[in-house]
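The next block holds one structure in the form of structure tokens; read it before the comments.
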Amino acid sequence: MFAVVYRWRLHEGKEQQFVDGWRRVTAAIHARCGSYGSRLHRADDGTWVAYARWPDAESRERCAVPDPEGVAMMSGAIAERFPETRLRIVDDMLAEPAGPSVAGSKGSAVAGDQWETARSWVEGWAVARRASKPVDVPWGLRMEIGQPARTVRHVLFDADAAAARGLIGTITEPGTCVKAFLPPGDMEPWFPSEWEPTDPCFLMTVDLRPSPVRAPDGYAVTVETADGVTLVRVLSADGELAACGRTGLAGTACVFDQIVTEPAHQRLGLGTVVMATLTDAAVESGATVGILGATVQGRALYEALGWKLHSPLSGFVYKPSAR
């Protein structure tokens with residue numbers, strides 16, 4: 001592991017310009033060069049100090065300037081540069097509390113008390129979809145989806161507009177999705193025309209309790225659980241799939257996903273059967289909180305089952321050939 005400490009003195013009144021530029025550059029370097037992010041500090045003597053980590057010194061040396069505009073914002077705010085200090089990490093005993101960084105205090109996508117729920121949703125969703133494990137990045141979490149229409153997903157926890165634009169400006173892979181716990185209108189100004197909004201959703205939560213329910217006559221319920229994923233299917237008398245859903249465990253949280261009732265079997269309460277069966281399996285596994293991303297149409301069903309609105313959940317997908 002390799003680290004670098006930077007130190008600057010800034011022009012008075014240019015502090016926010018510097019912070020916005022630093023956010024853009026940090027996001028771009030992580031996305032394109034594989035850095036482990038950076039942390040910005042203000043020292044008692046009035047100077048500004050940043051600590052950045054890399055896999056190795058060679059990765060840093062190979063990294064070209066990925067965001068010239070962000071670099072220019074920083075440079076225009078700097079009155080004096082001090083020699084950088086290169087570090088080789090010998091040991092690491094930091095024990096930081098879980099939660100967003102202090103940088104999220106300005107325009108953060110997730111407030112401090114919401115961070116744990118948001119993170120659990122991302123981690124549980126990845127389990128339910130059998131996607132790669134989410135990776136911590138300066139703005140939140142990143143994961144490889146590996147599907148043609150959805151290749152990579154970034155979920156913003158700790159990003160203001162400048163940092164978000166810095167990340168978005170580095171993305172070149174079609175199918176990349178950027179999500180945040182904000183209304184679509186708050187995010188839309190960040191994205192060029194090549195990006196398309198996804199259907200608006202809502203993050204919802206519930207305290208899990210056993211929910212005994214019986215399937216209507218003529219239907220059978222199957223339950224399969226493996227590797228933290230529970231899959232429930234409701235089958236009609238002729239064996240046709242009538243409804244289904246799945247969950248993914250993330251600690252004591254359980255993320256409900258892909259709850260679907262086929263058109264020919266709707267309005268029979270099968271969605272409630274799926275949710276109740278998944279809930280019972282989650283409680284047996286030790287989960288205490290349920291989390292899901294609801295569509296506009298699904299929100300009413302979940303509210304009727306006792307789920308509470310946590311936050312908006314919006315996203316944009318990069319589709320350069322769509323325009």
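The values are calculated or read from the model by the stated rules, or taken from the named source; none is laboratory data. All values reported here derive from a predicted model rather than from experimental measurement. Neighbour counts run over all protein chains shown; Cβ positions are idealised from the backbone, glycine included. Only protein heavy atoms, including side chains, enter the accessible area calculation; ligands, DNA and RNA are left aside. Shrake-Rupley method; radii C 1.70, N 1.55, O 1.52, S 1.80 Å.
Placing unit charges on each Cβ (+1 for Lys and Arg, -1 for Asp and Glu) gives the chain a dipole about its Cα centre, and among CYS177, THR277, ALA31 the Cα reaching farthest toward its positive end belongs to ALA31.
Residues of region 190-231 falling in the label zone of THR288, defined by backbone nitrogen less than 15 Å from a point 7 Å along Cα to beta-carbon, are 206-210. About its Cα centre, the dipole of the chain is roughly 420 debye, where the only charges are +1 on Lys and Arg Cβ and -1 on Asp and Glu Cβ. Quick one, which of [x] 32.5, 109; [y] 22.6, 83; [z] 22.7, 77 is the actual Rg and Dmax of the Cα atoms in Å calculated for this model? The value computed from this structure is option [z]. Peptides 281-289, 307-315 ranked from most to least packed, by the mean per-residue count of other Cβ atoms within 10 Å: 307-315, 281-289.
Can you list the trypsin sites (Lys or Arg not before Pro) in region 202-291 that are in a DSSP coil and have 15 or fewer other beta carbons within 10 angstrom?
When the trypsin sites (Lys or Arg not before Pro) of region 202-291 are filtered for loop state and at most 15 Cβ neighbours within 10 Å, ARG214, ARG267 remain.
With each label modelled as a point 7 angstrom along the Cα→C-beta vector, the ARG9-VAL135 pair spans 3.9 nm. Here region 1-92 is treated with +1 on each Lys and Arg Cβ and -1 on each Asp and Glu Cβ, and its dipole about the Cα centre works out to around 140 debye. When only Cα pairs below 8 angstrom with a gap of at least 6 residues are kept, region 129-199 shows a relative contact order of 25 percent.
Segment ARG267..ASP44, full-extension length gain: 73.8 nm, with 0.36 nm per residue of separation and the alpha-carbon distance subtracted. Relative to one another, the C-alpha centroids of region 169-219 and region 256-323 are positioned 10 Å apart. Multiplying the residue separation of ALA64 and LEU87 by 0.36 nm and subtracting their alpha-carbon distance yields 6.2 nm. Just checking the listed ones, VAL296, VAL229, VAL178: in the Gaussian network model of the chain with Cα springs under 10 Å, the one fluctuating most is VAL296.
Based on protein heavy atoms only, the chain ends up with 51 Å² per residue of surface accessible to a 1.4 Å probe. The C-alpha atoms of the chain define a longest principal axis, and helix 270-284 lies at about 70 degrees to it. Taking VAL122, VAL65, VAL25 in turn, the Gaussian network model of the chain (Cα-Cα springs below 10 Å) assigns the largest fluctuation to VAL65. Using every pair of separate Cα atoms, the Kirkwood estimate puts the hydrodynamic radius of region 1-65 at 12.5 angstrom. With the simple spin-label model, which puts each label point 7 Å out from Cα in the Cβ direction, the CYS33 to ALA79 separation comes to 2.7 nm. Tell me the angle of helix 115-129 to the major Cα principal axis of the chain, expressed in degrees between 0 and 90 and rounded to the nearest ten. Its long axis makes an angle of about 60 degrees. Each Cα pair under 8 Å and six or more residues apart adds its sequence gap; the mean of these over the residue count of the chain is a relative contact order of 18 percent. Computed about the Cα centre, the dipole magnitude for region 259-323 is approximately 420 debye when only Lys and Arg (+1) and Asp and Glu (-1) carry charge, each at its Cβ.
Summarise the accessible area of the chain (1.4 Å probe, protein heavy atoms) by the percent that is carbon and sulfur. Here carbon and sulfur together make up 51 percent of the probe-accessible area.
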